[in-house]
1. For region 70-126, build the charge dipole from Cβ charges (+1 Lys, Arg; -1 Asp, Glu) around the Cα centre, then report which of 87, 75, 104 sits farthest towards its positive end.
2. For region 61-68, what does the Karplus curve 6.51 cos²θ - 1.76 cosθ + 1.60, with θ = phi - 60°, yield as ³J(HN,Hα) per residue in whole Hz, taken in order and with x for Gly and Pro?
3. Counting helices only, and only those DSSP H runs with n ≥ 4, report the 222 nm mean residue ellipticity of the chain as the sum of -39,500 (n - 2.57) divided by its residues, in deg cm²/dmol to the nearest 500.
4. Pairing rule first: another cysteine's C-beta must sit under 4.7 Å. Under that rule, which cysteines of the chain stay single?
5. List the residues of region 81-113 whose backbone N lies under 20 Å from a point placed 7 Å from the Cα of residue 7 along the Cα-to-Cβ direction.
6. Only four residue types carry charge here, +1 at the Cβ of Lys and Arg and -1 at the Cβ of Asp and Glu. Report the dipole size of the chain about the Cα centre in Debye, rounded to the nearest 20.
7. State, to one decimal in nm, how far the label point of residue 38 lies from the label point of residue 113, with both points 7 Å from Cα in the Cβ direction.
8. Determine the percent antiparallel among the DSSP beta bridges restricted to the chain, to the nearest 5.
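Values quoted throughout were computed directly from the atomic coordinates according to the rules given, and no laboratory measurement underlies them. Note that the coordinates shown come from a computational prediction; the quantities given were computed from them, not determined experimentally. Virtual Cβ from ideal backbone geometry, glycine too; neighbours counted across all protein chains shown.
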Amino acid sequence: MSRVGSRPKPSSPDIEARIRNQRRRDTDPEKLLRSALWRRGLRYCVDVNVVGRRRKVDLAFTRSKVAVFVDGCFWHRCPEHGSVPRANRVWWLAKLDANVERNLDSNREPTSAGWLVIRVWEHEDPAKAADRIEGRFVGGDQAAAIVVM
Ligand SMILES: [Zn+2]
């Protein structure tokens with residue numbers, strides 16, 4: 001994996017705000033997705049290691065072995081909204097490419113341990129993303145994912 005040097009000074013208030021708002025967990029898109037899933041009766045663990053200790057997943061359905069990542073459009077280079085800041089462009093390209101590479105690496109471990117990995121973009125409609133996830137449980141697996149409260 002490429003090594004990215006230390007972060008250059010933010011070149012604009014916009015970039016500075018993006019960096020400041022980069023939260024590792026409990027982002028708004030994550031919270032919206034979680035409540036959409038919860039309303040459907042799907043129960044999950046949040047921010048857990050599913051295999052090994054290297055990478056945490058945002059949501060995990062442990063019995064069904066479904067892992068969900070919610071990816072920010074900027075940080076994970078969404079094909080629709082991803083952009084590379086013009087200032088310090090070389091650094092940003094290396095940084096964002098490393099994130100994408102890291103995503104692939106994060107998929108690898110759970111996948112090889114029999115998990116299904118689902119990645120959701122922050123721009124996705126939470127209800128549609130929840131449909132997509134719920135669809136994975138159809139066919140008998142759903143009961144295993146539901147914990148009656
Ligand atoms: Zn996007």
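1. With unit charges placed on the Cβ atoms, the residue in question is 87.
2. These are the phi-based 3J(HN,Hα) values: 9, 5, 5, 8, 6, 10, 10, 10 Hz.
3. Only helices count here, giving -12000 deg cm²/dmol.
4. 45 - these cysteines have no disulfide-compatible partner (Cβ-Cβ under 4.7 Å) in the chain.
5. 82-103
6. Numbers: 29 positive and 19 negative charges, 107 e Å.
Value, rounded to 20: 520 debye.
7. A separation of 2.6 nm, rounded to one decimal place.
8. Taking every DSSP beta bridge within the chain, about 55 percent pair in antiparallel fashion.
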